[in-house]
Amino acid sequence: MTRTALLIIDVQNGMFKRGSSVCNDAKLLYNLKKVTASAKSEGMPIFYIQHETKGKQLIRNSIEWQIHPFFKVEKDDEVIHKTTPDSFHQTNLEQKLRDRQIQHLVISGIQTEVCVDTTCRSAFSKGFSIDLILDAHSTWSSPDLSAHKIIQHHNRTMGWFTNLLSTDGFVERLK
């Protein structure tokens, strides 16, 4: 099997503010925790992607910018800082993955139609194979579509170039 890493995109405090949290926030955190625990138990490298916006909600070193306390970044984990939806753009993510000879990515996190989608597409164009955990990414409703419809649409669309797995499917595959 190829070397695999787990990417957890933008699971930061600011995404879970009371009254404006991402869709199915508790279930998302539960699934992400389950995926992370399974990956760690198999020695899979974990990459936390942390978004920064200048002058907005996710200002570097603010409480909102911090990785959600549900997760404990350990010494072997990597934290990648980004300022665009693409986790590879102007970051050292690709180099860190190549240094570890990673060829396969398991992708999860926030925001489905922006950072998750863009990172999946970028990873695919860079030659990585990808598993998208279809119940471990989320977003907010827009004026036009519910969050559920956005997630459903993106799972279907990204199925063209990723392998779609449920949280339980991912956990089972590792056993």
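The values are calculated or read from the model by the stated rules, or taken from the named source; none is laboratory data. Everything numeric here is computed off the predicted structure, so don't read it as measured data. Cβ placement follows ideal geometry from the backbone for every residue including glycine, while neighbour counts extend to all protein chains displayed. Note: areas computed on protein heavy atoms with side chains; ligands, DNA, RNA excluded. Shrake-Rupley method; radii C 1.70, N 1.55, O 1.52, S 1.80 Å.
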| Single match in THR167, THR162 (criterion: closer than 15 Å to ALA5 by Cβ, polar (S, T, N, Q) and surrounded by 14 or more Cβ atoms within 10 Å (Cβ to Cβ)) | THR162
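Name the helices (runs of 4 or more DSSP H) wholly within segment 66-175 that hold at least 1 residues that are of a type in the set (Val, Ile, Thr)?
On the way: elements: 93-99, 117-125, 147-158, 167-174.
Counting at least 1 such residues, we get 117-125, 147-158, 167-174.
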| request: Just one of (1) more than 14 Å from the chain's Cα centre (by Cα); (2) open to solvent by 20 Å² or more (accessible area, probe 1.4 Å) trips up ALA147, so point out which. | output: (2)
| When only residues in segment 45-57 that are part of a loop (DSSP other than H, G, I, E, B) and either charged (D, E, K, R) or buried (at least 18 other Cβ atoms within 10 Å of the Cβ) (or both) count, which is modelled with the highest pLDDT? | PRO45
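A quick yes/no check of all residues on (1) in contact with a strand residue (DSSP E or B) (Cβ under 8 Å, 6 or more places away or on another chain); (2) farther than 21 Å from VAL171 by Cβ:
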site	(1), (2)
GLU94	no, yes
LEU105	yes, no
SER108	yes, no
GLU113	no, yes
THR139	yes, yes
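Inside segment 116-167, can you point out the residues that are among the basic types (Lys, Arg) and touching a Ser or Thr at 6+ places or on another chain (Cβ under 9 Å)? Steps first, answer last, please.
Narrowing segment 116-167 to residues among the basic types (Lys, Arg): 121, 126, 149, 156.
Across segment 116-167, the qualifying residue is only LYS149.
For segment 1-29, how many residues are part of a loop (DSSP other than H, G, I, E, B) and either crowded, with 19+ Cβ neighbours inside 10 Å or touching a Cys at 6+ places or on another chain (Cβ under 7 Å) (or both)?
Filtering segment 1-29 down to residues part of a loop (DSSP other than H, G, I, E, B) leaves 1-3, 10-11, 17-24.
Okay, now just the ones that are also either crowded, with 19+ Cβ neighbours inside 10 Å or touching a Cys at 6+ places or on another chain (Cβ under 7 Å) (or both), so 10-11, 22.
The qualifying residues number 3.
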| field | Residue list for segment 58-82, filter: in contact with a Ser or Thr (Cβ under 9 Å, 6 or more places away or on another chain), modelled with pLDDT of 95 or more and open to solvent by 20 Å² or more (accessible area, probe 1.4 Å) | value | HIS81
